[in-house]
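Q: Structure below; questions to follow.
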Amino acid sequence: MQELLQGIMGMDLGQLIMMVIGGLLIYLAIAKDYEPMLLLPIGFGAILANIPFSSAIGPDGFLSVLYNAGIRNELFPVLIFIAVGAMIDFGPLLQNPFMLFFGAAAQVGIFATMIASLFMGGWLKELGLNINIGLKEAASIGIIGAADGPTSIYVANKFAKDLLAPISVAAYSYMSLVPIIQPPVIKFLTSKQERMIRMEAHESKIPKIVKILFPIMVTVVAGIIAPISVALVGSLMFGNLIRECGVLDRLSKSAQNELANLVTLLLGITIGSTMVAEKFLNPATIVIMVLGLLAFIFDTAGGVLFAKFLNLFLKQKVNPMVGAAGISAFPMSARVIQKMAQKEDPTNFILMQAVSANVAGQLGSIVAGGILLAIVPALLK
Amino acid sequence: MNETIIQSFKATGYGMSGVFLVLILFYLLTKLMLLVFRNHSSDKE
């Protein structure tokens, strides 16, 4: 009888809270449609991991086996990148290569948040809270601003394994909240006139050879500058090469569908399994959630302000809202920008430019992640 | 100022410069490819 009741007897408040959090993530995924492909498996993984004496975790638990096989060695994020690469059409960016600069500017949130994390860590320590945020932890928190789940997981796993769960949850939650986070920041930083700026679309056919050479060029350039980024950039671009080469349609479709679905499923539930009460329910998680939100705000502001800065010199002005689409949350951010532009002027179409900036953001975030992986250990030597 | 904070400012300086440098290279090489292959057929697309 006692053995039948061991689950109830072994339950503590922390586990109960984590199960409620898991339930909340499942609710957000189903009822609010917030990144359901990730939040639902993460939420269920959290429930599985917090049931007392759960056989899903522990040395032989299937979630621990998955963690060791796919997260600890960064295999899942890399596989996700192959799938994402196969899904990305760089066509709009190749038609407007200038938009690449917005993909760089919007990464400022990563670095600004890294600095903010260290300041906040220092203040909280003075207040007597036991939170240790060093440069590696700060970089891992900052990378939430990449607005790119796999990059966040990859960097956090290298620098701050203990913070992996809250960082992943923050990254995916805020990605799903882009339509809520970005508009107020953009409105605050732009005037109505600026939001109504029209932009000419450059529609031209991109030669197939350029589409094929682009992923190879990106891999070689990024790899030479930051060799540690090769796994990230290389897998994304490998997926894209499969898509663009024109002779591997079956593989391209498999990467876009079967691979993407399977790895997303396993990644989500495995990340969820790291949300065990003793690791997750601490002040650091709240700090990470606050800083993650700041990262998205800084990213958006960085992109908008960069566009406004360029407008000081450009003859043909850029709609500054397009700068905000330089984050990696694709295609959500581009859609938000187009919606905002049409709210100001129903005949204004800047979706093409916003998509270009958004695709550039995907490149920018992955490059920023790679550079961070190279710089931080070098500075700590 | 705390040594770690100084390191974070350095990381930001190097990091943002690095991101811009890499994306400027992407931009230049993309422009170059588009220029070199501007007459290349895209019929097979």
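The values are calculated or read from the model by the stated rules, or taken from the named source; none is laboratory data. Since the model is a prediction, treat every value here as computed from it, not as a measurement. Cβ placement follows ideal geometry from the backbone for every residue including glycine, while neighbour counts extend to all protein chains displayed. Protein only, heavy atoms only, side chains kept; ligands, DNA and RNA dropped before computing areas. Shrake-Rupley method; radii C 1.70, N 1.55, O 1.52, S 1.80 Å.
Q: So for the stretch A:328-340 (the condition being within 14 Å of chain B (Cβ to nearest Cβ) and at pLDDT below 90), does at least one residue qualify? Outline the logic, then answer.
A: If we filter the stretch A:328-340 for residues that are within 14 Å of chain B (Cβ to nearest Cβ), which is where we start, we get A:328.
Checking which are at pLDDT below 90 leaves us with A:328.
Yes.
Q: Does A:VAL218 count as within 13 Å of chain B (Cβ to nearest Cβ), more than 30 Å from A:VAL287 (Cα to Cα), in contact (Cβ under 8 Å) with a residue 24 or more places away in the chain and open to solvent by less than 30 Å² (accessible area, probe 1.4 Å)? First the steps, then the outcome.
A: Working: within 13 Å of chain B (Cβ to nearest Cβ): yes; more than 30 Å from A:VAL287 (Cα to Cα): yes; in contact (Cβ under 8 Å) with a residue 24 or more places away in the chain: yes; open to solvent by less than 30 Å² (accessible area, probe 1.4 Å): yes.
Yes.
Q: Cβ-Cβ distance below 7 Å, separation of 6 or more or different chains: which pairs start in the stretch A:263-292 with a residue that is farther than 19 Å from A:GLU74 by Cβ and of a type in the set (Phe, Trp, Tyr) and end on one that is at pLDDT below 90 and assigned to a helix (DSSP H, G or I)?
A: A:PHE280/A:ALA165; A:PHE280/A:PRO166
Q: Counting only residues that are at the interface with another protein chain (Cβ under 7 Å from one of its Cβ atoms), more than 18 Å from A:PHE306 (Cα to Cα) and open to solvent by 10 Å² or more (accessible area, probe 1.4 Å), how many does the stretch B:15-29 have?
A: Total satisfying the criteria: 2.
Q: Tell me which helices (runs of 4 or more DSSP H) are completely within the stretch A:236-326 and hold 1 or more residues being closer than 30 Å to A:MET11 by Cα and open to solvent by 10 Å² or more (accessible area, probe 1.4 Å), or say none if there are none. Let's see the steps before the verdict.
A: On the way: elements: A:249-254, A:260-273, A:277-280, A:283-311, A:321-324.
The qualifying helices (runs of 4 or more DSSP H) are A:260-273, A:277-280, A:283-311.
Q: Output the qualifying pairs, or none if there are none: Cβ atoms under 6 angstrom, residues six or more apart or on different chains, first residue in the stretch B:30-45 and at pLDDT below 75, second residue part of a loop (DSSP other than H, G, I, E, B) and open to solvent by less than 60 Å² (accessible area, probe 1.4 Å).
A: Matching pairs, first to second residue: B:HIS40/A:PRO207; B:SER42/A:PRO207.
Q: Right, another one. Could you count how many residues in the stretch A:329-364 are within 17 Å of the chain's Cα centre (by Cα), open to solvent by less than 10 Å² (accessible area, probe 1.4 Å) and of a type outside the set (A, V, I, L, M)?
A: Selection size over the stretch A:329-364: 4.
Q: Still on this structure, please answer the following. Give just the number: which of (1) open to solvent by 30 Å² or more (accessible area, probe 1.4 Å); (2) without any contact (Cβ under 8 Å) to a residue 40 or more places away in the chain does A:HIS202 not satisfy?
A: (2)
Q: Go through the stretch A:16-34 and give me each residue that's open to solvent by 30 Å² or more (accessible area, probe 1.4 Å) and closer than 15 Å to A:PHE53 by Cα.
A: Passing the criteria: A:LEU16, A:MET19.
Q: Could I ask something else about it? If you scan the stretch A:103-125, which residues turn out to be in a helix (DSSP H, G or I) and open to solvent by less than 10 Å² (accessible area, probe 1.4 Å)?
A: So the first thing to find is which residues in the stretch A:103-125 are in a helix (DSSP H, G or I), and the list is A:103-105, A:108-125.
Listed by number, the residues that qualify are A:GLY103, A:ALA104, A:ALA105, A:GLY109, A:ILE110, A:PHE111, A:THR113, A:MET114, A:SER117, A:GLY121.
Q: Testing A:GLY128 on (1) surrounded by fewer than 23 Cβ atoms within 10 Å (Cβ to Cβ); (2) in a helix (DSSP H, G or I), one condition comes back false. Which one is that?
A: (2)
Q: Across the stretch A:62-88, which residue is surrounded by the fewest Cβ atoms within 10 Å (Cβ to Cβ) among those that are in contact (Cβ under 8 Å) with a residue 12 or more places away in the chain and assigned to a loop (DSSP other than H, G, I, E, B)? Break it down stepwise before answering.
A: Here is the first cut: in the stretch A:62-88, the residues in contact (Cβ under 8 Å) with a residue 12 or more places away in the chain are A:63-64, A:66-67, A:70-72, A:74, A:76-88.
From what is left, the residues that are assigned to a loop (DSSP other than H, G, I, E, B) are A:72, A:74, A:88.
Values: A:ARG72: 15, A:GLU74: 17, A:ILE88: 20.
Per the stated criteria, the residue is A:ARG72.
Q: Still on this structure, please answer the following. Which ones in the stretch A:89-99 are of a type in the set (A, V, I, L, M) and crowded, with 24+ Cβ neighbours inside 10 Å?
A: Initially, the stretch A:89-99 is screened for residues of a type in the set (A, V, I, L, M), giving A:93-94, A:99.
Once the filter is applied, which keeps residues that are of a type in the set (A, V, I, L, M) and crowded, with 24+ Cβ neighbours inside 10 Å, the stretch A:89-99 yields A:LEU93, A:MET99.
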